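No value in this document is a laboratory result; all are computed from the given coordinates. If you're wondering where the values come from, they're calculated on a predicted model, not measured in any experiment. Heads up, the Cβs are rebuilt from the backbone with ideal geometry, glycines too, and the neighbour counts pull from every protein chain shown.
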Amino acid sequence: MSNDKKEYVVGIVGASGAVGEELLLILEERKFPLKKLVPLASSRSVGKSVTFKGKEYPILETTHDIFAQQGIEIAFFSAGSSVSEKYASSATKAGALVIDNTSFFRMHENIPLVVPEVNPEDIKKDSTIIANPNCSTIQMVQVLAPLHREFEIERVDVSTYQAVSGAGKKGMEELVLQMQKFFAFELDSTIPSAFPHQIALNLIPHIDTFLDNDYTKEEMKMVNESRKIMHTDFALSATCVRVPILRSHSETLTIRFKKEANANRAREILKSSQGVIVCDEPNKNNYPMPIMATNTDETFVGRIRVDNFDKHILHVFCVADQIRVGAATNAVRIAEKWIALSK
Ligand code: A2P
């Protein structure tokens with residue numbers, strides 16, 4: 001019998017979170033072959049439910065036994081590194097494929113780190129855990145990989161403008177609350193908790209913790225993850241900045257190539273790249289912006305131009321929805337590729 005129509009028992013660890021909720025929407029939109037949905041979160045969420053295809057599903061507590069008890073075959077983890085560290089092996093022991101949205105497994109040697117438009121070949125039929133890269137890395141490699149194939153990257157310098165959704169629901173709530181307080185002339189009384197400083201009407205050049213080399217963990221994720229995904233060892237330095245935007249990350253990329261770069265050729269290449277939309281008509285004020293990318297599954301790229309002083313350098317601006325492209329959509333696309341291999 002053909003297993004073309006096989007449907008899966010899908011668990012979502014972190015179903016009450018920003019990425020978990022988006023995963024539910026995307027599974028529905030993409031008509032994911034789902035036999036049963038098992039929403040999981042912490043004990044705090046027991047008694048609450050999520051809505052999927054118009055039906056209510058009670059949230060269950062994440063425990064070591066729940067994966068086997070519920071017969072979960074694909075488990076999306078999006079509840080933070082410590083939860084993945086604690087429970088992913090229980091899921092794999094129960095026979096589930098784990099697609100992990102946290103940073104916990106990303107740099108583990110034998111665990112594939114995948115952006116399906118860039119390195120789908122790293123997904124294997126017998127993979128037990130597949131890691132989803134950091135949100136800033138995903139949109140960046142979607143732009144870098146096709147350009148690398150043409151011009152060969154030597155070095156990248158990236159500055160990010162990252163939305164508050166990267167800090168989960170509490171990050172989004174904090175920005176909204178601070179803006180409300182600003183308009184009520186009460187902002188002084190707001191004590192930041194999701195970020196080290198007030199985020200409303202501010203920028204914070206600090207995402208994740210600082211390391212001994214003066215970079216942040218977020219910045220080093222962009223270095224290490226992009227090299228692992230693209231199987232290359234080009235130089236990369238990042239400056240990651242939190243901005244008061246709700247849910248789309250923007251990035252300025254300065255890319256130095258081994259070959260001379262050409263802006264028109266770069267536009268052509270990116271136009272034919274999967275998951276990328278080129279909007280680069282400056283005379284019509286058409287360039288990527290966070291509000292354009294929000295709630296979409298594409299990475300928008302524009303402001304493509306050759307450096308004034310070095311013909312091997314291209315400057316590019318790209319934007320993508322952090323919760324979708326940077327997390328949930330990428331995770332579902334990984335699952336779809338894995339399912340296609342299993343046929
Ligand atoms: P809960 O709502 O029960 O705390 P976000 O990234 O938007 O902050 O969401 C984090 C997600 O991770 C939420 O669904 C949250 O569930 C879940 N979570 C946090 N801690 C745990 C835990 N110890 N076990 C399982 N899920 C957890």
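According to the Kirkwood expression over distinct Cα-Cα pairs, how big is the hydrodynamic radius of the range 181-324, in Å?
17.4
Please tell me the relative contact order of the range 38-125 in percent, rounded to the nearest whole number, where contacts are Cα pairs under 8 Å and at least six residues apart.
Once normalised by length, the contact order is 21 percent.
Can you give me the pair-distance distribution of the chain, C-alpha pairs, 20 Å bins, whole percents?
30, 57, 13, 0
Checking the cross-link filter: which lysines have an alpha carbon closer than 20 Å to that of Lys343, excluding same-chain neighbours under 8 positions apart?
List returned: Lys5, Lys6, Lys31, Lys35, Lys36, Lys124, Lys125.
Show me the three semi-axes of the equivalent ellipsoid for the range 243-332, from the C-alpha gyration tensor (sqrt of 5 times each eigenvalue), largest first, rounded to whole Å.
Equivalent ellipsoid of the range 243-332: 24, 14, 12 Å, largest first.
Have a look at Ala263, Tyr287, Ile323 and report the one farthest towards the positive end of the charge dipole of the range 256-343, computed about the Cα centre with Cβ charges (Lys/Arg +1, Asp/Glu -1).
Ala263
Just the Kirkwood number for the range 1-74, please: inverse of mean 1/r across all distinct Cα pairs, in Å, one decimal.
About 12.7 Å, per the Kirkwood formula over Cα pairs.
Restricting to DSSP loop positions (anything but H, G, I, E, B) with no more than 12 other Cβ atoms inside 10 Å of their own Cβ, which trypsin sites (Lys or Arg not before Pro) remain in the range 89-149?
Here the trypsin sites (Lys or Arg not before Pro) that fit, given the DSSP loop and packing criteria, are Lys124, Lys125.
Can you give the charge dipole size of the chain about its Cα centre, rounded to the nearest 20 debye, using +1 on the beta carbon of Lys and Arg and -1 on the beta carbon of Asp and Glu?
Its charge dipole is roughly 760 debye.
With +1 on the Cβ of every Lys and Arg and -1 on the Cβ of every Asp and Glu, and nothing else charged, how large is the dipole of the range 250-343 about its Cα centre, in debye rounded to the nearest 20?
My answer is approximately 300 debye.
Using modelled backbone amide H atoms (1.01 Å from N, in-plane), which distant-in-sequence or interchain residues come within less than 5 Å of Ile129's amide H?
When sequence neighbours closer than 5 places are left aside, the close amide H contacts are Val98.
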